[in-house]
Amino acid sequence: MSSNLLFANDKPGQHADSYYKASANQLPQYSTLQGAHHCDVCVIGAGYTGLSSALHLASKGFNVILLEAHRIGWGASGRNGGQVASGQRAEQDELEASVGLEHARQLWQLAEESKQLVKDLVAQHDIQCDLKPGVLHVDHKKRYVPHSRAYAEKLQKEYDYADIRFVDTEELRDMLATQAYYGGTIDKGAAHLHPLNYALGLGKAAEDAGVSIFENAQVLDYRDGEKVRIRTALGEVEANTAIFACNGYLERLNDRVASRVMPINNFIIATEPLDEATARSLIRDDVAVADSKFVINFYRLSADRRLLFGGNESYGYKFPQDIKAFVRKPMLKIYPQLENTGIDYGWGGTLGVTLNRMPFFERLQGNLFNASGFSGHGVAMATLAGKLMAEAVDGTMGRFDIMAKVPTHPFPGGTHLRSPLLVLGMLYYRIRDSL
């Protein structure tokens with residue numbers, strides 16, 4: 001068994017056997033890095049953060065090399081739930097209490113920009129990724145409903161956000177064919193998309209902008225200094241600046257990041273295609289759904305009317321042997337009427353989480369930058385992270401610093417004890433979810 005998450009659950013250089021891979025618009029292949037190369041900026045990792053960094057840097061005139069251990073969008077960026085969510089991963093009440101009102105408002109504005117950036121990139125580069133509006137947040141406990149109502153009103157009144165409103169029990173049960181929830185909010189400014197096709201579209205845009213992309217080019221180590229030297233199995237890059245865009249797959253490439261960003265595994269299944277009436281009964285308005293559990297259930301309909309359902313997490317290196325059965329169980333708690341529906345695909349992926357669920361932005365040294373730990377909120381925020389890092393490399397640090405000023409503490413026990421301690425914490429929240 002591999003103790004490296006880059007290889008623990010996947011075949012080298014191959015996308016996960018997911019519904020997203022099966023419905024990808026294209027799966028271009030790029031050569032691996034061989035020999036010595038020089039560039040202005042070397043970006044490590046071709047997920048949303050790295051692809052966006054490379055695209056925005058190239059658009060500013062930088063000579064960029066992008067290194068990916070497997071394939072473009074291979075990691076969480078090509079396997080996730082596809083939700084383009086509003087706000088930060090932490091709610092504004094929490095942020096106001098932790099960083100102050102002014103800073104919290106700045107974080108909200110950046111989050112709003114992150115959604116618009118995704119929409120703009122999709123339009124600008126004609127990325128065919130089934131982008132659709134709407135995310136429904138639902139409460140699995142009655143006692144959570146007053147908070148949902150109050151939070152929607154807070155965003156409307158204090159943040160001038162008119163795209164969200166409260167949904168009561170009666171309306172919610174018209175919107176979803178389940179008795180599992182008691183209320184929630186509908187956010188029409190949020191959206192959902194095909195995550196792998198979005199990543200591949202960003203890759204094509206980066207290539208068109210002049211980025212040199214190398215796949216199957218795992219970074220083995222680096223040496224910092226006036227120049228950064230990045231080594232792969234068959235080559236080396238000398239760069240003025242390097243960007244870590246590895247999220248949950250960083251491993252021990254940088255210990256400071258690894259102590260603050262922990263990998264966890266999440267899983268999704270795709271049903272067989274559903275008839276129109278069944279699909280619309282499950283999710284009437286074709287929005288994405290996320291519930292209030294700490295270990296979130298999230299789901300939506302695909303373009304060909306499959307239910308894509310995400311749920312359950314694991315914290316070791318290996319994925320469960322039967323992912324379909326692992327996720328089918330929580331799905332049937334929400335939709336027992338799918339008992340006899342076939343499951344065509346089941347896959348997992350690794351994301352990066354932080355203690356406070358806010359991403360970890362930092363200029364590690366003068367010419368080393370990091371953004372990671374998006375904690376399941378990465379489609380929009382990781383895309384914006386790339387733009388902010390491009391601004392920072394270009395000498396404008398202000399917006400990057402808004403994110404970097406959010407305190408991100410190391411996991412207790414460092415990289416050795418973070419996993420067992422997180423498992424204990426997650427067990428507590430699982431028990432709390434069930435009470």
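Structure values in brief
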{"quantity": "Scan of segment 297-314 for residues that are crowded, with 17+ Cβ neighbours inside 10 Å and in a loop (DSSP other than H, G, I, E, B), ordered by number", "calculated": "ASN297, SER302, ARG305, ARG306"}
{"quantity": "Those residues of segment 74-94 which are surrounded by 24 or more Cβ atoms within 10 Å (Cβ to Cβ) and of a type in the set (A, V, I, L, M), in sequence order", "calculated": "ALA76, VAL84, ALA85"}
{"quantity": "Filter result (under 26 Å from ALA8 (Cα atoms) and either part of a helix (DSSP H, G or I) or of a type outside the set (S, T, N, Q) (or both)) within segment 332-356", "calculated": "ILE343, ASP344, TYR345, GLY346, TRP347, GLY348, GLY349, LEU351, GLY352, VAL353, LEU355"}
{"quantity": "Residue that is farthest from GLN83 (Cα to Cα) [pool: residues in segment 131-146 that are surrounded by fewer than 17 Cβ atoms within 10 Å (Cβ to Cβ) and touching a helix residue (DSSP H, G or I) at 6+ places or on another chain (Cβ under 9 Å)]", "calculated": "LYS142"}
{"quantity": "Per-region count, segment 363-409, residues in a helix (DSSP H, G or I) and either within 27 Å of PRO195 (Cα to Cα) or of a type outside the set (D, E, K, R) (or both)", "calculated": "22"}
{"quantity": "Whichever residue in segment 111-139 is of a type in the set (Asp, Glu) and in a helix (DSSP H, G or I) and, among such residues, is farthest from ARG165 (Cα to Cα)", "calculated": "ASP120"}
{"quantity": "Checklist (1) open to solvent by less than 10 Å² (accessible area, probe 1.4 Å); (2) under 30 Å from SER98 (Cα atoms) applied to LEU338, failing item", "calculated": "(2)"}
{"quantity": "Residue among LEU33, LEU51, LEU6 that alone is assigned to a loop (DSSP other than H, G, I, E, B), within 20 Å of the chain's Cα centre (by Cα) and in contact (Cβ under 8 Å) with a residue 24 or more places away in the chain", "calculated": "LEU6"}
{"quantity": "Subset of segment 231-246 that is farther than 24 Å from ARG260 by Cα and of a type in the set (A, V, I, L, M, F, W, C) - its residue that is most open to solvent (accessible area, probe 1.4 Å)", "calculated": "LEU234"}
{"quantity": "Filter result (assigned to a loop (DSSP other than H, G, I, E, B) and in contact with a Ser or Thr (Cβ under 9 Å, 6 or more places away or on another chain)) within segment 263-291", "calculated": "GLU272, PRO273, LEU274"}
{"quantity": "Criterion: open to solvent by 10 Å² or more (accessible area, probe 1.4 Å) and within 24 Å of LEU117 (Cα to Cα) - qualifying residue of GLY395, GLY352, GLY386", "calculated": "GLY395"}
{"quantity": "Index of the failed condition, TYR317 passing every other in (1) under 25 Å from VAL261 (Cβ atoms); (2) of a type in the set (Ser, Thr, Tyr); (3) open to solvent by less than 30 Å² (accessible area, probe 1.4 Å)", "calculated": "(3)"}
{"quantity": "Segment 231-262, residues that are under 22 Å from PRO407 (Cβ atoms) and assigned to a loop (DSSP other than H, G, I, E, B)", "calculated": "ALA245, CYS246, LEU250, ASN254, SER259, ARG260, VAL261"}
{"quantity": "Out of LYS227, LYS188, sole residue that is surrounded by fewer than 23 Cβ atoms within 10 Å (Cβ to Cβ), touching a strand residue (DSSP E or B) at 6+ places or on another chain (Cβ under 8 Å) and either of a type in the set (Val, Ile, Thr) or over 24 Å from ASN367 (Cα atoms) (or both)", "calculated": "LYS188"}
{"quantity": "Test result for VAL287, modelled with pLDDT under 95 and within 19 Å of the chain's Cα centre (by Cα)", "calculated": "no"}
{"quantity": "Residues located in segment 95-129, provided they are open to solvent by 30 Å² or more (accessible area, probe 1.4 Å) and among the small types (Gly, Ala, Ser)", "calculated": "ALA97, SER98, ALA123"}
{"quantity": "Scan of segment 46-73 for residues that are of a type outside the set (Ser, Thr, Tyr), farther than 21 Å from HIS192 by Cβ and open to solvent by less than 10 Å² (accessible area, probe 1.4 Å), ordered by number", "calculated": "ALA46, GLY50, ALA54, LEU55, LEU57, VAL64, ILE65, LEU66, LEU67, HIS70"}
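Rundown of residues vs (1) outside any loop (DSSP other than H, G, I, E, B); (2) farther than 24 Å from TYR161 by Cα, yes/no style:
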site	(1), (2)
GLN29	no, yes
HIS37	yes, yes
GLY61	no, yes
LEU66	yes, yes
GLY73	no, yes
ALA104	yes, no
TRP108	yes, no
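The values are calculated or read from the model by the stated rules, or taken from the named source; none is laboratory data. Keep in mind the model is a prediction, meaning the values are calculated, not measured. Using ideal geometry, Cβ is built from the backbone for each residue, glycine included, and neighbour counts are taken over all protein chains shown. Side chains included, ligands, DNA and RNA excluded: accessible areas come from the protein's heavy atoms. Shrake-Rupley method; radii C 1.70, N 1.55, O 1.52, S 1.80 Å.
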